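Values in this text are rule-based calculations from the coordinates and carry no lab data. Quick caveat: nothing in here was measured; it's all calculated off a predicted structure. Quick reminder, even Gly has a Cβ in these numbers, built from the backbone with ideal geometry, and neighbours come from all protein chains shown.
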Amino acid sequence: GYSSMSGIPGVRERTLIAVKPDGVHRRFVGEIMQRFERKGFKLVGLKMLQAPEELLSQHYQDLRRKPFYPSLLQYMTSGPLVVMVWEGHNVVRTSRVMVGDTNPAEAHAGTIRGDFSIHISRNVVHASDSVEGAQREIQLWFHGKELMD
Ligand code: GDP
Ligand code: MG
């Protein structure tokens, strides 16, 4: 039966997806959630918040030395985020495909960034880029109790 699928390696894989302030402002929360639901992934965590700068600096710790880092933090604190944890087989890799290239000019039509954005500094959505990165980010944004089994 369906429940026995949890025995397949990778089925319980989880990733962090966040609708960025431009995505919230432009009313894309429902569209983005619908894409993940229709694909077959399971929502196991969800919150809306104005992200503290300290949390974002940990989230983007690898980008601290990039020239765009100050503007990235300004963008990410410009309004509320909707942060989610999605679960399912290969969800990390598959969600990166669904989100599309970081640069919207390179993101294929049919991807979230390909369909809804034109500039790298306003690219609508975040998705973890590795299973290890996803685990780190999920722990950063959610308490264990906030995630559903
Ligand atoms: P992602 O994993 O596809 O989101 O890309 P990265 O982890 O490399 O970068 C994180 C975020 O920083 C991106 O989603 C963009 O919002 C922003 N970013 C990355 N590269 C650039 C850049 O060259 N210029 C600007 N303005 N923002 C960038
Ligand atoms: Mg990244």
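Tabulated results
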| read-out | value |
| --- | --- |
| Extension gain, H143 back to R26 (0.36 nm per residue minus Cα-Cα distance, nm) | 39.3 nm |
| Potential lengthening between N103 and S78 on full extension [0.36 nm per residue; Cα-Cα distance subtracted] | 7.0 nm |
| Mean Cβ count within 10 Å, highest first, over the residues of peptides 34-47, 72-85 | 72-85, 34-47 |
| Summed residue charge, Cβ within 13 Å of L56's Cβ, Lys/Arg positive, Asp/Glu negative | -2 |
| Gaussian network model of the chain, Cα within-10 Å springs - most flexible of E137, E54, E13 | E54 |
| More than 20 angstrom apart: percent of Cα pairs within segment 1-128 | 45 percent |
| Length released on extending from R12 to Y69, taking residue separation times 0.36 nm less the Cα-Cα span | 17.3 nm |
